[in-house]
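Q: Okay, here's the structure, questions in a sec.
Just so you know, all these numbers are worked out from the coordinates, no wet-lab data involved. No experiment lies behind these values; they were computed from the predicted model shown. Because the Cβ atoms are built from the backbone with ideal geometry, glycine has one as well, and the counts that use them run over all protein chains shown.
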Amino acid sequence: MLHDVTTKVWDVIVIGTGIGGGTIGRSLAEKGFSVLFLEKGPFGPRAEQQNMSYDILDPHARLIRGLWPVEMTGTINGQTSTFLGPLGAGVGGSSAFYAATLERPERHDIDETSQHKHPTGGWPVDYDSFEPYFTAAEQMYCVRGGVDTLSSEPPADILPPIPIEAGDESLMASFSRLGLHPYQLHLGVKALPGCGFCFGSKCPRVCKMDGRSAGVEPALATGNASILDMCEVNFLRADADQVLHVEAQRGGQNIAVRGRAYVLAAGGFGSPRLLLASRSEQWPMGLANGSDMVGRNMMFHLTEMIAVWPERGGRFDAPTRGLALRDFYSSEGQRYGSFQAMGVNGSYGEIVQYLKNVFDRSPLRKLRPLRALLRIPAYLASRIFGNAKVFVGIMEDLPYAENRVLLDPEKPERIVFEYFIPAELRTRRAEYQKLIKRKLKGLKSTFLTFQPNLNFAHVCGTLRFGNDPKTSVLDANCRTHEVKNLYVADASFMPTSTGINPSLTIAANALRIADAIAGQLRADPAGATRKETSHAH
């Protein structure tokens, strides 16, 4: 099989199989194009149910479970730490472990409006152009949920929400009495009989919709797609204006694969890292990096965790499966973000896992025996919190060129980044917290995060799209300005992070880019293979 894969010229080679890679690969395969997926991790058994573990340390043991195998190195405000990131490395990527939240952004996240000044003046493609792709992505991912009554947009045509638990119904009533506008979160789940609502872990059935179940598996079913798992992509070999082939390793063997078009979908860390690693005499700063913008403008989200208790006499018996509010999304023109249930209670197990994650990113992480002692404060906290629900506020991060992904030439496979928390982010965070506390007055609540908590799973913006090649890496169709057969289909393209989980936006954009690639391939049937053939002679 490997010989067949490496001798064939594919229509499209997709590097990565998360939400972006899976979606674009499926769309192109369904249009009749030949697609080859390249995935760093394994095509694990469908029955797997593991979660995103930070207790497994051996790189091989992590990789075979679909976890990113090695630690990442981050320098935040000048302080460098090394830790295991919340990233997947298997078919489905990080989406195999995600909570299946698939929400549309607000119009002012993409467009400049009269009420909201946009940080970049607006994306190069407006909200109305994205709208049909939001609808298509919602259908592909079997999105279901309630109606956000605060939205000025027509309600999305999605499936009805999961039946609500009594505790959630009580909580929605409590929020409504405070003048808030709760609704059931938009989730990508089929909710099959016996659904275990495996948000935060792998789904053993085709029930939770992720990059594997909604993308790669349907693509393979067309007969037009193939996949190489356990395949480490090391280099994109290019000439002055196009990629010639991909260089990779699989099973200890060096291989090269060729296509007419190439799609980077290795994530907000992985895609820019690969371009930076693909340095050559023609591309001394990295492939498609004549602007020095590759890896820059990196954004996360700031995560605020809040415990909320029921009203007197009320009970929360089960974890909340999907309550959301957008009452805190923006205020007086300032940009904040969404507020939603995490799907957990303030229980011992959840608290100890949270403390372990904080510990692993702290200077104390080298004192490994101390990690076991976290059980003591976790137990005390669980007694205090009782049956509180844990909510998360997702606050928008803004783009700054100095925040970026870097390349370690000695260890090019390692994720390395540098991030400075700007003063305006600290100010907005304080305002966001005050807004939440003010609007939740009447319900007992307390913040569980005391310092800015960056959500590394939501990294985006590192290959931003735009109209000016001097300040962006990609054009409006997410094709690199400088390399004509190279596209990007992950969160790297986003010029701003918005105030929601980026998954639906990634999927919608991937469908949009699939249409652009299909048009390009049809317009030039021989395409890039002609120059590759001439190089072979």
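Q: Would you work out if region 202-252 is rounded, prolate or oblate? Take a ≥ b ≥ c from the square roots of the eigenvalues of the alpha-carbon gyration tensor; rounded if a/c is under 1.5, else prolate when a/b is larger than b/c, oblate otherwise.
A: Working: a/c = 2.74, a/b = 2.03, b/c = 1.35.
The shape class here is prolate.
Q: Could you tell me which of rounded, prolate or oblate describes the chain, using a ≥ b ≥ c as the square roots of the eigenvalues of the alpha-carbon gyration tensor, with rounded for a/c under 1.5 and, failing that, prolate when a/b is larger than b/c and oblate otherwise? Walk me through the numbers before you get to the answer.
A: Numbers: a/c = 1.61, a/b = 1.52, b/c = 1.06.
The shape class here is prolate.
Q: Compute the FRET efficiency between LEU178 and GLU413 as 1/(1 + (r/R0)^6), taking r as their Cβ-Cβ distance and R0 = 56 Å, and round to the nearest 0.05. Working shown, then result.
A: Details: r = 49 Å, r/R0 = 0.88.
The calculated FRET efficiency here is 0.70.
Q: Leaving out same-chain residues fewer than 8 places away, which lysines sit with a Cα under 22 Å from that of LYS8?
A: Straight-distance partners of LYS8: LYS31, LYS40, LYS484, LYS531.
Q: As a test of understanding, state the convex hull volume per residue of region 402-486 from its alpha carbons, in Å³. Provide the component values of the computation, followed by the final result.
A: On the way: hull volume 15.3 nm³, N = 85.
It is 180 Å³ per residue.
Q: Can you pull the percent of Cα pairs in region 147-282 with separation above 21 Å?
A: Numbers: 5941 of 9180 pairs.
Across region 147-282, Cα pairs with separations above 21 Å total 65 percent.
Q: Still on this structure: Please tell me the relative contact order of region 426-482 in percent, rounded to the nearest whole number, where contacts are Cα pairs under 8 Å and at least six residues apart. Mind dumping the intermediate values first?
A: On the way: 30 pairs, mean separation 9.6, N = 57.
RCO, region 426-482: 17 percent.
Q: If you don't mind, there's one more thing I want to ask. How much of the DSSP bridge set in the chain is antiparallel, in percent, rounded to the nearest 5? Each step should come with its number before you reach the end.
A: Details: 53 of 76 bridges.
Given both bridge residues lie in the chain, the antiparallel proportion sits at roughly 70 percent.
Q: Taking the beta-carbon count within 10 Å as an exposure proxy, list SER176, SER445, SER338 from fewest neighbours to most. Kindly include the intermediate steps, with their values, before the conclusion.
A: Working: SER176 11, SER445 16, SER338 26.
With the sparsest Cβ surroundings first, the list reads SER176, SER445, SER338.
Q: If contacts are Cα pairs under 8 angstrom and at least 6 residues apart, what is the relative contact order of region 133-223 in percent? The partial results should precede the final answer.
A: Working: 87 pairs, mean separation 27.9, N = 91.
After rounding, I find 31 percent.
Q: Assuming 0.36 nm per residue, please report the length gained on full extension of the stretch ASP239 to PHE420 beyond their Cα-Cα distance. Can you show the working numbers first?
A: Values: separation 181, 0.36 × 181 = 65.16 nm, distance 3.50 nm.
Using 0.36 nm per residue and subtracting the Cα-Cα distance, I get 61.7 nm.
Q: A follow-up question, please. Report the local net charge at SER330: Lys and Arg +1, Asp and Glu -1, summed over other residues whose C-beta lies under 14 Å from its C-beta. Walk me through the numbers on the way to the answer.
A: On the way: positive: ARG107, LYS117, ARG326, ARG335, ARG428, LYS439; negative: GLU106, ASP109, ASP111, GLU112, ASP148, ASP327, GLU332, GLU396, GLU431.
Within the 14 Å Cβ shell, the charges total -3.
Q: For region 425-535, with equal point scatterers placed on the C-alpha atoms only and solvent neglected, what are the log10 I(q)/I(0) values from the Debye formula at q = 0.19 1/Å, to two decimals?
A: The calculated log intensity ratios at q = 0.19 Å⁻¹ are -1.04.
Q: Another one. Relative to a virtual label point 7 Å from the Cα of SER151 in the Cα→beta-carbon direction, which members of region 111-145 show backbone nitrogen distances below 13 Å?
A: In region 111-145, the label zone of SER151 (backbone N under 13 Å from the point 7 Å along Cα→Cβ) covers 131-139, 143-145.
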